[in-house]
Amino acid sequence: MKEGVLLAAQGIGWEADGHPILADLDLEVLTGECLAVVGPNGAGKTTLLRLLVGLLEPSSGSLSWENSAYTDLTRRELAQRIAYVPQSHPLRIPLTVEQMVLLGRYPYLSALRVAPREGDYRAVARALELAGIEELRRRPLAELSGGERQSVYIASALAQEAELMVLDEPTTHLDPLHQREIASLLGRLNQQAGLSVVVATHDLNFASLLADRILALRNGTAVACETPAEMLSASRLEEVFGAPFSVVRGGERPLTLLEWGS
Amino acid sequence: MAGLWLATLLIAPLLGSRILTLGDLLSGDATVGTIFWSLRVPRVLLAMLAGGALAMSGLALQTLFRNPLAEPYTLGIAGGAALGAVLALQIDGLGQALGFPAVAVASFLGAVVVSAVILGLAMSGYTRETSTLLLAGIAISLSCSALVLFVQYLADFTKTFRMVRWMMGGLSVVGYGEVLWLLPWTVLGLVTLLLLRWDLNLLLTGEELAVSRGVDLKRLRLGVLGVASAMVGALVAVTGPIGFVGLIVPHILRRWVGPDHLFLIPACLLGGGAFLAICDLGARTVLAPAELPVGVLTALLGGPFFLWLLIAGRR
């Protein structure tokens with residue numbers, strides 16, 4: 001296990017109008033790790049991510065970043081540490097790729113300066129390069145394909161220069177080729193650039209290939225948080241999803257298949 | 001944009017039912033001087049401030065609500081102002097207050113009341129979604145229109161005519177009182193919106209992403225709604241509700257200037273101002289010596305032009 005705890009959640013829970021959505025969850029995100037969050041619809045994955053990035057305040061429990069409680073950090077300070085790529089974006093964002101990525105610098109920008117600083121433009125150039133989309137920089141976002149757009153959203157989050165990136169289902173709605181591109185981009189960022197990643201996904205094979213650990217949620221509670229080899233067994237998956245799975249390839253990073261028929 | 005604005009500012013006061021030349025101005029003729037300095041110049045300045053304030057408010061509200069149909073009057077501020085104005089017209093003999101006609105004071109108060117309700121809603125926890133605020137504004141607007149109709153129904157023919165005429169909007173002023181009244185509000189709006197430009201830009205990418213990067217949504221709503229209501233309330237009180245500028249000018253300028261609010265906000269101030277001043281020039285010359293209500297002309301000129309832009313943009 002890699003050392004150093006970046007983010008710690010202790011007994012966090014969240015309620016909407018008295019209904020518990022997430023209850024009593026403990027979680028540590030370690031420096032440099034990739035943590036996948038899986039679970040059925042309504043299990044509380046998105047709620048957990050929104051709590052981790054500070055969009056929601058926990059109804060119970062506490063969150064801390066390194067040694068500071070979230071409540072001691074301003075929203076901008078938190079955004080300099082954690083970048084978020086939400087599940088959905090507005091249909092038509094009237095910006096070019098470069099403008100969109102520059103907005104990742106928001107946590108560092110000052111309203112009193114007319115133009116962003118030199119360092120902001122350097123961060124944008126680096127983010128475009130890391131995401132491999134430099135050639136798209138002048139294109140309007142609205143003209144891009146779904147897969148290209150997802151890369152731009154990730155590049156925009158990269159420009160935040162945060163240590164942790166939290167992504168909510170980044171491969172949903174993408175074709176297999178673009179799914180693979182996003183997966184290899186995240187793998188590269190995690191392993192080569194040393195970015196810590198938390199990613200919610202419905203794609204178990206994506207989670208298996210990418211993650212160091214997988215957290216499984218069901219009905220707002222954690223079923224288990226373990227390595228892909230441990231998590232992706234027929235019995236564990238049946239427990240989490242209530243559906244039969246078969247493991248088609250074992251090993252460190254198993255591949256699984258949902259069984260059809262009753 | 002700045003060139004167009006400057007040209008309008010320099011040329012528009014010379015034109016009108018009687019065209020003045022520089023020679024006329026320098027001749028020392030007292031009548032010419034009065035027409036130029038007390039009627040034409042303040043009128044053009046007022047048009048430029050009002051048009052700029054309307055366009056800036058419309059731009060900020062369209063971005064805040066992420067709705068292309070939002071405009072300065074969507075929030076019901078003009079509705080409140082109209083209600084105040086018709087009440088003042090219905091109750092005769094109110095005279096003046098603080099040097100302004102009672103109608104202006106009453107309509108400003110109407111705008112203030114509606115703004116207070118909207119700001120209260122924005123602050124309270126009941127409107128977690130920004131779109132709820134938009135709907136609340138529309139509901140207030142419709143209620144005010146109904147009350148205006150009710151007052152009109154009770155009023156006699158002469159008063160009804162004055163009410164309808166007020167609601168068409170107009171820029172006839174004598175002297176600089178109205179210009180000096182509107183100037184600080186417009187400057188306040190310009191400065192506040194420029195300080196919020198990054199927040200507004202980031203809001204184009206969605207509320208969730210914006211908040212995750214540190215945008216304080218409550219502060220942003222308060223800032224935008226606050227200065228938009230202040231500007232619109234202040235200008236409606238002196239000009240009546242002039243339609244179309246706040247809705248259309250931001251759309252036109254977005255096509256020319258791009259989406260960055262750093263450039264869009266000043267462009268709206270200049271472009272909205274020039275547009276309204278030119279429309280007003282048309283309004284007072286087309287049927288000279290009679291005058292068209294300027295609101296009629298803004299819609300007549302702006303509507304087809306915007307349609308043309310929409311169609312041309314599709315190619």
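Structural remarks
- Which listed residue is part of a helix (DSSP H, G or I) and either at the interface with chain B (Cβ under 10 Å from one of its Cβ atoms) or under 20 Å from A:L195 (Cα atoms) (or both), from A:A115, A:A83, A:A123: A:A123
- Test result for B:P13, touching a residue at least 40 places away in the same chain (Cβ under 8 Å), surrounded by fewer than 24 Cβ atoms within 10 Å (Cβ to Cβ) and under 21 Å from B:A290 (Cα atoms): no
- Evaluated against (1) touching a strand residue (DSSP E or B) at 6+ places or on another chain (Cβ under 7 Å); (2) closer than 25 Å to B:L217 by Cα; (3) open to solvent by less than 50 Å² (accessible area, probe 1.4 Å), A:G4 falls short on exactly one condition, (2).
- Of all residues making up the stretch B:245-270, the number that are within 14 Å of chain A (Cβ to nearest Cβ), under 14 Å from B:T186 (Cα atoms) and surrounded by 23 or more Cβ atoms within 10 Å (Cβ to Cβ): 1
- Condition check for B:L135: open to solvent by less than 40 Å² (accessible area, probe 1.4 Å) and either basic (K, R) or part of a helix (DSSP H, G or I) (or both): no
- Candidates A:A229, A:A207, filtered to the one that is within 23 Å of A:C34 (Cα to Cα), touching a helix residue (DSSP H, G or I) at 6+ places or on another chain (Cβ under 8 Å) and open to solvent by less than 50 Å² (accessible area, probe 1.4 Å): A:A207
- The residues in the stretch A:87-112 that are more than 7 Å from chain B (Cβ to nearest Cβ), buried (at least 22 other Cβ atoms within 10 Å of the Cβ) and aliphatic (A, V, I, L, M) can be counted, and the count is 3.
- Failed item in (1) within 14 Å of chain B (Cβ to nearest Cβ); (2) assigned to a helix (DSSP H, G or I); (3) closer than 17 Å to A:L6 by Cα, with A:T71 passing the rest: (1)
- Here the stretch A:86-112 is the region considered, the condition is being assigned to a loop (DSSP other than H, G, I, E, B) and in contact (Cβ under 8 Å) with a residue 40 or more places away in the chain, and the residue that is farthest from B:N201 (Cα to Cα) is A:Q87.
- Evaluated against (1) within 14 Å of another protein chain (Cβ to nearest Cβ); (2) among the aliphatic types (A, V, I, L, M); (3) buried (at least 23 other Cβ atoms within 10 Å of the Cβ), B:L195 falls short on exactly one condition, (3).
- Yes/no for A:A142 being more than 10 Å from chain B (Cβ to nearest Cβ) and under 26 Å from B:L64 (Cα atoms): yes
- Pair list, Cβ < 9 Å and 6+ apart or interchain, from the stretch A:68-85 residues that are among the acidic types (D, E) to residues that are surrounded by fewer than 15 Cβ atoms within 10 Å (Cβ to Cβ): A:E77/A:S68
- Looking only at the stretch A:52-67, and only at residues there that are touching a residue at least 40 places away in the same chain (Cβ under 8 Å) and within 12 Å of chain B (Cβ to nearest Cβ), the one that is surrounded by the fewest Cβ atoms within 10 Å (Cβ to Cβ): A:L56
Yes/no matrix, rows are residues, columns are (1) more than 14 Å from chain A (Cβ to nearest Cβ); (2) surrounded by fewer than 23 Cβ atoms within 10 Å (Cβ to Cβ); (3) under 30 Å from A:Y108 (Cα atoms):
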| site | (1), (2), (3) |
| --- | --- |
| B:V179 | yes, yes, no |
| B:E208 | no, yes, yes |
| B:R221 | yes, yes, yes |
| B:G243 | yes, yes, no |
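The values are calculated or read from the model by the stated rules, or taken from the named source; none is laboratory data. Since the model is a prediction, treat every value here as computed from it, not as a measurement. For neighbour counting, all protein chains shown are included, and Cβ atoms are generated from backbone atoms with ideal geometry for every residue, glycine included. The accessibility values were calculated without ligands, DNA or RNA, using every heavy atom of the protein model including side chains. Shrake-Rupley method; radii C 1.70, N 1.55, O 1.52, S 1.80 Å.
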